[in-house]
There are 2 protein chains.
Amino acid sequence: MTRARCLIVLLDGLGDRPSVELKKRTPLMYARKPFIDRLSREGVNGLMDPVGPGIPVGSDTGHLAILGYDPYKYYTGRGPFEALGAGIRLEPGDVAFRYNLATVDENWRLIDRRAGRISTEEAEVLADSLRDLAADLSKGGVEVIIRSTVEHRGVLVLRGPSLSHKVTDVDPHKENVTVEMPRPTEASEGARRTAQILAELIKGSHALLTVHELNRDRVRRGMMAANALLTRGGGVMPNLYSLNERFKIRSSVIAGGALYKGVCGAAGMEVVNVEGATGTLKTNLAGKFRAARDRLRVDDLVFLHIKGTDSASHDRSPASKAQFIERVDEEFSRAFGDTPSGLVICVTGDHTTSSITGEHRGDPVPLLIWGDEVRRDGVESFDEVNCSKGGLNRLRGLDLMNVLLDVANVTEMFGE
Amino acid sequence: MTRARCLIVLLDGLGDRPSVELKKRTPLMYARKPFIDRLSREGVNGLMDPVGPGIPVGSDTGHLAILGYDPYKYYTGRGPFEALGAGIRLEPGDVAFRYNLATVDENWRLIDRRAGRISTEEAEVLADSLRDLAADLSKGGVEVIIRSTVEHRGVLVLRGPSLSHKVTDVDPHKENVTVEMPRPTEASEGARRTAQILAELIKGSHALLTVHELNRDRVRRGMMAANALLTRGGGVMPNLYSLNERFKIRSSVIAGGALYKGVCGAAGMEVVNVEGATGTLKTNLAGKFRAARDRLRVDDLVFLHIKGTDSASHDRSPASKAQFIERVDEEFSRAFGDTPSGLVICVTGDHTTSSITGEHRGDPVPLLIWGDEVRRDGVESFDEVNCSKGGLNRLRGLDLMNVLLDVANVTEMFGE
């Protein structure tokens, strides 16, 4: 039986809703994307509910589901995947948080969740300045690891006996409100202790960051001081049965953001780093598609993650989302326009992000699978409405890997 | 409420993929089948995942699911269904295997998995010659039952205390490899003992078959000696709540192959034997359809199984699959062309078999339900793509009996 290799091009937050700005069309309907439309025309199409109909999911839960891991079973929080993606090897019992470097006033009112989107370099200097504080806290028996990643983003890991991820998010997810210190969300000693250590760390770092020379300088230049660590998404790393073992394949991921590397890494995929893959609208798309093409010489499955679509939606800019899709189409076509045989291509998203409200929503995402052996269904264009008339009908994220690796003749029979 | 009677025409391995040989069409798209297309046009259509999207299933697991029994719960192996279909009444604790009468060389290298498709008559003579060996082994407290069925196929049952089906398949499923004796797949005394008895039987029968006069004669005539029993699919019979009790109906099955009689028999359906129903491409289609028509005078549900579609796919011959579908359509029309009222007709498959690779695949199968009261959906032709646009959308095999018997006004209300 001839096995095909699989490429998944996942556009984050791809699904959308029609907006007045785009004349009642979604960005996918509006964008000129001849190559993806060709794949759609020559492929089989459908809709996919990442977790379930009408359930808006995060990038973490969405990705877990799409890789075949039920997030209701395996997901405790985003933190551990961010940590893994940032290169921290988590140990059993570690509790990991995502954090934002943010700006608060003297009464802990939140001014800016991203400290004016501070640069990666400056954020690193500030994170490094907390090393002594972390070491001090570690004397109590709990090791504290702080790692800055991209811009305001970072990861915090607590390592030690009897910790718990059952504490509230410190990041209130909106500005102009007072930041509350973490509280335990269950009546366990571990949760009480974790909340206490976190609070000490957050208060202590605020004191240090407020007087840090870099922040004083920023304020002098009229910029915001990055003076608070706002944690969220605390969790422990689940033990995932790797994709490679499950399907007897070799797989890799190409992504900018730490979270995606983390989730895919937890699923056992090799993380391929591409220069200029920043996970922003200005990412090195050409380089990412080229790297995917290269990896398909050795891997059975390559997962290419592109973040820009989601960012444009969060910025409530359907037009720039459509523009970005057009850029993706061009670079995709440049690298794969010859549609080599022996390849199966899947294009989809991890969730819908409404560029009207800027929020993740629960509408299904469009899905196409292209390959030599698929049942062409007559769908003419890849978007939310046309795909609803496709030959795949409506799938769940948990089904995607089975469906895709079946098209590629990789999966094994159940029964005989 | 008027109850209708139901006919299921199940074409084994019906679903397929488009092939270059049929100009990028599937055998169903290619075949001329005016009667089935009429049923489709006048009926409601959809796709069905026998077990789940993208999961390639065997005929055993597929049939279990379609009859409403979750194979993840009830399936241990194919053996017990084959045994039941071959007329062996299994007792609790019995471990049953399917076997192939095969040809191996002196080093147990597998030459032909089917001993040159030995005839049913010759295979029976050889199986009978193992009676003394079986009796000898039975002295150890485990009864050995060997029953030859069709051509190279047969069933082996071990009966006694503390046996286990947790042993490896002896049939390697491919030729030109060395056959390995059975090994336990779990660390239990039962599995160890079962593997040991099986190995004695397989080695002992090889010694006897090699010198059997019939085999010597075959070799003299330039044919292959049928000198090895290759077991596979060991399992124990699950305790199934019968279809008749579940739905308060009377049901029957018309099939050639032992497996189908076995699965349906385990579900409590009466097995109707039709002369010339061989389960091959040359089966007595006319007789089977006539028998179905007859049984519908007394039964609420008749399950008519036709194997030829699957066999043509395994032979990688999409054209002969299409031809066979045309023959089915003719005989179907001859018996049911008057589409009597008070009848609900369902046409579907148990899984997709790719006639490109010759393997079972996980693509959904097309499904139509015809009857006086169904919601006609405008589908014009019965095939994998047209059905995807039908009024049933995409169902799971486990839902089929409920849907069908509901259309027939048979099922009872849940709640009030």
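Just so you know, all these numbers are worked out from the coordinates, no wet-lab data involved. Model, not experiment: these values are computed from the prediction. Positions of Cβ are backbone-derived with ideal geometry, glycine not excepted, and every protein chain shown enters the neighbour counts.
Using the Karplus relation 6.51 cos²θ - 1.76 cosθ + 1.60 with θ = phi - 60°, the per-residue 3J(HN,Hα) values for the range B:339-348 come to 5, x, 6, x, 10, 10, 10, 10, 10, 6 Hz, with x marking Gly and Pro.
For Cα pairs less than 8 Å apart in space and 6+ apart in sequence, what is the mean separation divided by the residue count of chain B, i.e. the relative contact order in percent? Let's see the in-between values first.
Numbers: 1008 pairs, mean separation 140.1, N = 416.
It comes to 34 percent, rounded to a whole number.
Each other copy holds its own label point for B:T339; taking that point as 7 Å from Cα along Cα to Cβ, the gaps run 3.7 nm, nearest first.
In chain A, the beta carbon lying closest to the axis that superposes A onto B belongs to the residue given here with its whole-angstrom distance, A:N393, 3.
Per-residue ellipticity at 222 nm, computed for chain A from helices alone with -39500 (n - 2.57) per DSSP H run of at least four residues, works out to -9500 deg cm²/dmol. Ascending distances from the B:R396 label point to its copies in the other chains, with the point 7 Å along the Cα-to-beta-carbon line: 0.7 nm.
For A:G415, the amide hydrogen comes within under 5 Å of the amide hydrogens of B:G58, counting only partners 5 or more places away or on other chains and with H modelled in the peptide plane.
Explain nothing, just the number: relative contact order of the range A:83-235, from Cα pairs under 8 Å at least 6 residues apart, as a whole percent. Could the numbers behind the result be given before it?
Details: 309 pairs, mean separation 49.2, N = 153.
It rounds to 32 percent for the range A:83-235.
Taking chain B as a Gaussian network, Cα atoms linked when under 10 Å apart, which of B:V219, B:V365, B:V272 shows the biggest mean-square fluctuation? Among B:V219, B:V365, B:V272, the largest mean-square fluctuation in the Gaussian network model of chain B belongs to B:V219.
Between helix A:318-336 and chain A there is an angle of about 60 degrees, using the helix long axis and the longest principal axis of the Cα atoms.
The Cα atoms of the range B:235-318 give a gyration tensor whose axes a ≥ b ≥ c have a/c of 1.5 or more with a/b no greater than b/c, which makes the shape oblate. Tell me the angle of helix B:285-295 to the major Cα principal axis of chain B, expressed in degrees between 0 and 90 and rounded to the nearest ten. Computed tilt is about 70 degrees.
Between identical copies, the spacing of B:V298 label points, each set 7 Å from Cα toward the C-beta atom, reads 6.8 nm from nearest to farthest.
Classify the range A:140-276 as rounded, prolate or oblate from the Cα gyration tensor: take a ≥ b ≥ c as the square roots of its eigenvalues, call it rounded if a/c is under 1.5, otherwise prolate when a/b beats b/c and oblate if not.
oblate
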